[in-house]
Amino acid sequence: MSNTAVDHNNANGSTKGTLPTNVLSKNSKLDSKLTSKLQSKGLLPAGTDLKDACTGFKNLGQCVAAIHVSHNLDVPFVCMRANMTGTAPAAGTTCAAGTGSSKLSLGKSIQALAPTADSKTASKTATTEADADIRAAQTAS
């Protein structure tokens with residue numbers, strides 16, 4: 001395992017108990033490369049701090065997968081983050097009532113926010129994309 005605390009054998013791209021903000025704070029090159037990669041793909045708005053975006057997630061892979069789902073299904077990331085972290089979205093957001101009332105898995109969040117989507121396929125696709133982005137950013141760092 002590298003000093004980034006990200007386990008390449010784990011599909012969600014993280015080690016148990018390793019918060020994404022800790023991983024990114026300890027490895028500024030990974031933070032910079034991954035942020036740049038996500039911004040270049042149009043997944044993360046310019047000027048967005050990835051550490052801030054990932055606050056509350058269990059691990060980096062989960063956060064990056066949520067970013068991908070948000071983009072792939074055109075679901076506001078603030079709503080995905082709220083559902084997956086169990087925190088209410090900021091006032092003024094256009095999330096559905098009840099968003100963030102409890103912690104949900106990626107699949108359950110997809111079901112709640114994009115009920116017509118195939119949550120299993122969307123979750124698997126986003127997790128695969130997230131893992132690839134994290135690996136590429138690690139290789140480049």
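The values are calculated or read from the model by the stated rules, or taken from the named source; none is laboratory data. In this text, all values refer to a predicted model and were calculated from it rather than measured experimentally. Virtual Cβ from ideal backbone geometry, glycine too; neighbours counted across all protein chains shown.
Applying the criterion of at least 1 residues that are hydrophobic (A, V, I, L, M, F, W, C) and touching a Cys at 6+ places or on another chain (Cβ under 6 Å) to the helices (runs of 4 or more DSSP H) found wholly in segment 76-141 leaves 77-85, 106-113. Against the conditions (1) in contact with a Pro (Cβ under 6 Å, 6 or more places away or on another chain); (2) at pLDDT 95 or above, residue 95 satisfies every one except (2). Take the conditions buried (at least 19 other Cβ atoms within 10 Å of the Cβ), under 21 Å from residue 23 (Cα atoms), in contact (Cβ under 8 Å) with a residue 12 or more places away in the chain and more than 10 Å from the chain's Cα centre (by Cα) and apply them to residue 44. Does it pass? Here the answer is yes, as residue 44 does meet what is asked.
Looking across segment 3-41, just one residue is assigned to a loop (DSSP other than H, G, I, E, B), at pLDDT 90 or above and surrounded by 20 or more Cβ atoms within 10 Å (Cβ to Cβ), and that is 27.
For segment 47-74, the set of residues classified as in a loop (DSSP other than H, G, I, E, B) and either farther than 18 Å from residue 124 by Cα or under 10 Å from the mean Cα position of the chain (by Cα) (or both) consists of 47, 48, 49, 54, 55, 56, 57, 58, 59, listed by residue number.
Please identify the pairs in which a residue from segment 130-141 that is of a type in the set (Ser, Thr, Tyr) has its Cβ atom under 8 Å from the Cβ atom of a residue that is crowded, with 16+ Cβ neighbours inside 10 Å, counting only partners at least 6 apart or on another chain. From segment 130-141, the pairs are 141/4; 141/27; 141/30; 141/33. In segment 58-77, the condition of being free of Cβ contacts under 8 Å to residues at least 60 places away in the same chain, more than 23 Å from residue 37 (Cα to Cα) and not basic (Lys, Arg) is met by no residue.
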